[in-house]
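Below is one structure, written out as structure tokens; the observations come after it.
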Amino acid sequence: MKKTSNNSTPLSSLLIDEEDEAFFEQYLKGESSLSETYQKVNSPEPPEMLDQNILSAARKKSSEMQKKSVQWWQQPASWAASVAVFSLAALLTHQTWQAEQDFSEQDFAPIDAVETIQADKTYTASPRLLPNDVKEKKRTHHGDNNDSRKLLYKSAPAPVMPAAQEYISRKPIISPPERANKSQTQGVVLGDTVTDDAGRFVPSELSEESVLIEKREQKNNLSKEQGLGEYYSKEQSHQLEKIQQLIKQGKFDEAKEILQQFKVKYPEMPINPVLLQQLSPY
Amino acid sequence: MGKNAADEQLIQFYQKGDSEAFELLYARYKSAIYHYFFRQVHSKDTADELHQDVWLNIIKSSSRFTQQSSFKTWLYKIAHNRLVDHYRQSSRQPLYLVKTDTQNGVSDEKIEIEKAIESSALESNEPEMTIQEQQVSHLLLQGINDLPEEQREVFLLHEKSGLTLQEIALVTDSSFESTKSRLRYAIKKLRHHMNLVLTL
């Protein structure tokens, strides 16, 4: 009996567990009487005062959110600022366009006229203008009246510069046919080929390269003069060299004496300022 | 925006400043949330306080709601957290503040629970409820009240709020298996508590 009773207890508990499990499965499916009974039980409702408090808080918050959600372009200040910026931009654009129009309407001298140095064979101390007929001829030759980049002759006449005698006596580097072809070539107008009605030489042109060569030669000559090699006579050079030697030897008093003598003897001769500085105060 | 709009749509409208959307949401869930608190704390005043706190929190943090989870889960998660906070505060409450009936040795809280159960059983949703049905309701409410807090919470969320076991697991930060196990124990206890009246 004891054995039987011992065996029956777990069996009954197992049966109960199985019943519980079946009840639970039915409950999960929503077919339990437990759910039906609970649904019939009165469920308490929150008081109306509480509802009103909560809903008023919600409305207040929503109005705040609406204010925040207003986009920047919907704000009056942003509108005003946008209009102001747009107007300013339009004004600036118009002014720029106007300035460009005015600028294009201005008269410009031709580039070659501005950059060309004209020389007149009739040497005068001050620059003078070419006769009108010569200017007309040149303008026709270039054929650039419609070039907006160039000034008109009347408003900005090309300067006429005096030419040195050595240039006048020289033959032109570029031959006349070549010059005719190279109308845009910058150069110096020389007057050794044509004469006008007044009997003056009409200037002819010299290429830029030739001018540069001449300038370079002049520069070399000047540098030689600055070296004082050919500028002074032998005696003068000898004296100056002697002064320099004395300075190198540190005999400044003797060098000063010789320099004084040189100045008395040749008062108009310039002295190398480096030499004077070495003997300062002189 | 219709009345049949989804919860997530309504909260989106409210995020854009539509207060009517919130009113619809509140109407949908106010009873369930209040019921959840009332059955857990057995005090009308405390339930009022917790209910208000939860909804004000929803209003305040509505902009932080993302569509990653459902609104329902989010709402009950906030409610669950508030309830946990309430339990923590209650456990820290000094003992001398807890009023007890010295003569009978029964606390005021217990009396209040009994009153709540009785009033709930009497004020049924169905007016033509018989006395026997009222007794059954009373017995059921007593059984629910006797459940451990965790099992009671799972039962209330499943039964009244209509949350699935998966959603309850999310709300209570538990695994699915433990949630199911809690509900199984809760149903088993209630069944045995009402063994005389309940049938399959």
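For the stretch B:155-169, name all the residues that are open to solvent by less than 10 Å² (accessible area, probe 1.4 Å) and within 21 Å of residue B:27 (Cβ to Cβ).
Within the stretch B:155-169, B:156, B:157, B:163 meet the criteria.
Would you point out the residue of the stretch A:27-50, among those that are more than 7 Å from chain B (Cβ to nearest Cβ) and assigned to a helix (DSSP H, G or I), that is farthest from the chain's Cα centre (by Cα)?
It comes out as A:36.
Between a first residue in the stretch B:135-151 that is away from chain A (no Cβ under 13 Å) and a second residue that is at pLDDT 90 or above and outside any helix (DSSP H, G or I), which pairs have beta carbons less than 8 Å apart while being 6 or more apart in sequence or on different chains?
B:150/B:172
Return the pairs, sorted by first residue and then second, in which the second residue is open to solvent by less than 20 Å² (accessible area, probe 1.4 Å) and modelled with pLDDT of 90 or more, the first residue lies in the stretch A:40-51 and is among the polar types (S, T, N, Q), the beta carbons are less than 6 Å apart, and the residues are 6+ apart or on different chains.
A:43/B:35
Counting only residues that are more than 9 Å from chain A (Cβ to nearest Cβ) and more than 18 Å from residue A:17 (Cβ to Cβ), how many does the stretch B:178-200 have?
3
The values are calculated or read from the model by the stated rules, or taken from the named source; none is laboratory data. Keep in mind it's a predicted model, so treat the numbers as computed, not measured. When we count neighbours, we look across all protein chains shown, and the Cβ atoms used for this are built from the backbone with ideal geometry, even at glycine. Quick note on the areas: whole protein, heavy atoms, side chains included, nothing else; ligands and nucleic acids left out. Shrake-Rupley method; radii C 1.70, N 1.55, O 1.52, S 1.80 Å.
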